[in-house]
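So the structure is just underneath, and the comments pick up after that.
The values are calculated or read from the model by the stated rules, or taken from the named source; none is laboratory data. This one's a predicted model, so the numbers in the text were calculated from it and none came from an experiment. All Cβ positions, even for glycine, are placed from backbone atoms using ideal geometry, and neighbour counts span all protein chains on display. Just so you know, the surface numbers come from the protein's heavy atoms only, side chains and all, with ligands and any DNA or RNA stripped out. Shrake-Rupley method; radii C 1.70, N 1.55, O 1.52, S 1.80 Å.
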Amino acid sequence: MKQILRIALLTILCSLLFCSLVSAQTVTVLLDGNPLTCRKTPVIENNRVLVPLRDIMEPLGYTVIWNEADHSIHLTDTDSSIDFTINHSYATVNQEQVVLDAAPRIMDDITMVPLRFLADYSGASITWQADTYTVVLKTNDAPAQPAYTMADSVVYIQTNKIQGSGIILSADGLIATNYHVIEQASTAQIIFRNNTIYQGAITVVGMDPQADIALLKIDKTDLHPVIPCTDIVAGETVTTVSAPNGNRNVSTTGSINGFTQDIISMTAPIQHGSSGGGLFNADGEVIGMCSAYSEEQYFAIPIQKVLAVHQTMSLPLNGMKNYAYTPGAPRNVSYTSQNGYDYFTWEPVYGADYYYIYIASQEGGTYQQMTNTALHNQNWYWNYPYAFGVSLPGSNGYYIRVASVKDGVICSTSDPLYVPQR
């Protein structure tokens with residue numbers, strides 16, 4: 001019985017070894033249509049193709065230098081230089097850091113690197129044909145360039161505090177994001193769609209903290225700016241592009257519920273990390289900047305409001321750690337009347353914990369604080385499309401004021417808004 005078991009196990013092991021060898025032998029490499037001999041065949045791990053670095057890059061005209069001291073590799077050709085370090089998920093291309101989708105590894109004394117990186121930065125056209133398990137290299141074609149998409153205009157921002165997103169407003173390095181993304185930050189790095197990493201100087205050139213908007217300037221050119229569109233249509237299909245939970249270049253789709261001059265309500269889902277991302281219409285034009293979400297609602301700031309922020313500052317990013325912000329009075333308080341009620345809204349105040357509402361029967365009269373009967377206190381919260389409603393039948397008109405409250409202290413109160421007799 002034991003002998004039979006041994007034979008069965010040996011048969012299984014041989015079968016597995018045979019399958020492994022056959023699987024390895026099916027991966028081939030073609031250079032300009034001709035088979036390329038590699039000292040180690042490409043392998044597939046975690047849905048990523050790893051290829052032998054020297055066997056691929058030397059036929060493409062690169063000089064490959066191995067540094068035993070720090071396990072780094074330096075590659076050069078007539079136009080570029082590339083540096084790797086074994087087991088590090090970063091590379092340097094022409095002195096710019098880029099992120100790898102898999103770290104270089106040593107396998108059987110051969111350096112293996114992700115095919116996707118070589119396809120983007122080798123200067124040759126390199127593709128993976130999954131159906132035939134073939135790596136195809138072409139040196140006689142121009143390098144394949146990725147299509148210019150909405151994601152090219154959205155960046156991932158990682159500060160020493162939190163992570164978020166941003167949208168590129170100009171080719172020479174103007175980027176918009178939410179104020180809360182850079183609040184109290186002292187350092188940050190910006191990662192672009194092509195995986196290049198910017199770690200240079202970042203200057204805050206404009207802010208409207210109360211509206212949760214910040215404008216950043218970096219020392220980088222040839223970027224892909226968004227194409228703004230100020231026309232917003234309720235019900236239109238929209239797409240968000242951002243980095244929710246640090247996952248870059250994530251898109252979600254939905255439609256516009258409604259909007260005001262201060263806020264866009266949409267059904268396209270966003271999450272933590274989406275702040276500062278782009279909201280695009282069906283034509284790929286940006287109509288808003290992702291900003292906040294609640295249980296079932298997702299919000300963006302209209303791009304027109306973002307573009308209206310003046311670039312009158314020159315504050316190094318590390319100055320944000322000492323920047324003091326206090327919520328101001330609610331702006332743009334307005335109302336609409338229907339079915340015997342007056343419904344009120346205003347621009348949401350970033351940093352306000354809640355609001356107090358005051359009502360007076362006449363100009364210069366005594367204001368009475370309104371009680372939120374649903375919560376059994378005097379705290380009111382911003383909501384879309386309206387924060388609260390009032391019904392005063394037979395009223396001769398009245399005045400409303402709204403105060404922003406932080407840590408139980410009134411920060412500032414809006415000017416009176418007159419609501420005439422109905």
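Taking a probe of 1.4 Å, how large is the accessible area per residue of region 269-422, in Å²? Could the numbers behind the result be given before it?
Numbers: 7980 Å² over 154 residues.
Solvent-accessible surface per residue comes out at 52 Å².
Under 15 Å from the Cβ of Phe299, count the other residues' Cβ atoms, weight Lys and Arg +1, Asp and Glu -1, and hand me the total.
Once positives and negatives cancel, what remains is -4.
Using a Gaussian network for the chain with springs between C-alpha atoms less than 10 Å apart, which of these wobbles most: Leu30, Leu137, Leu174?
Answer for the Gaussian network model of the chain: Leu30.
If the only charges are +1 at each Lys and Arg Cβ and -1 at each Asp and Glu Cβ, what is the size of the charge dipole of the chain around the Cα centre, to the nearest 20 debye?
Numbers: 20 positive and 36 negative charges, 187 e Å.
Roughly 900 debye for the chain.
How charged is the neighbourhood of Cys229? Take every other residue with its Cβ under 11 Å from the Cβ of Cys229, and add Lys/Arg as +1 and Asp/Glu as -1.
Values: positive: none; negative: Asp231, Glu236, Asp283, Glu285.
Around Cys229, the charge tally is -4.
Not counting the cut sites, what is the longest span of the chain without GluC sites (Glu not before Pro) that DSSP labels loop and that have at most 10 other Cβ atoms within 10 Å?
Values: sites that count: Glu68, Glu295, Glu296, Glu363.
That gives 69-294 as the longest site-free run.
Could you give the angle, 0 to 90 degrees to the nearest 10, between helix 2-25's Cα long axis and the longest principal axis of the Cα atoms of the chain?
80
How about region 36-92: which trypsin sites (Lys or Arg not before Pro) there lie in a loop by DSSP and see at most 12 other Cβ atoms within 10 Å? Intermediate results must be reported in sequence, preceding the final value.
Values: sites: Arg39, Lys40, Arg48, Arg54; in loops: Arg39, Lys40.
Loop-located and lightly packed - Arg39.
Taking the alpha-carbon distance from Lys138 and a cut-off under 28 Å, which lysines remain once sequence neighbours fewer than 8 residues away in the same chain are dropped?
Straight-line reach from Lys138, under 28 Å: Lys40.
Return the calculated 222 nm mean residue ellipticity for the chain, to the nearest 500 deg cm²/dmol, obtained by summing -39500 (n - 2.57) across DSSP H runs with n ≥ 4 and dividing by the residue count. Before the final figure, lay out each step's value.
Values: 5 runs with 45 residues, N = 422.
Taking each H run of at least 4 residues, the total per residue is -3000 deg cm²/dmol.
Using a 1.4 Å probe, what is the accessible area per residue for region 71-183, in Å²?
Numbers: 5010 Å² over 113 residues.
Each residue of region 71-183 exposes 44 Å² on average to a 1.4 Å probe.
Does the chain classify as rounded, prolate or oblate by the C-alpha gyration tensor (a ≥ b ≥ c root eigenvalues; a/c under 1.5 gives rounded; else a/b over b/c gives prolate, otherwise oblate)? Don't skip to the end; give the middle numbers.
Values: a/c = 2.92, a/b = 2.29, b/c = 1.27.
Here the chain falls in the prolate category.
So, for region 194-264, what is the accessible surface per residue at a probe of 1.4 Å, expressed in square angstrom?
It amounts to 42 Å² per residue over region 194-264.
Write down the percent of antiparallel bridges among all DSSP beta bridges whose residues are both part of the chain, to the nearest 5. Numbers along the way, then the final one.
Values: 109 of 114 bridges.
Percent antiparallel among DSSP bridges in the chain is about 95.
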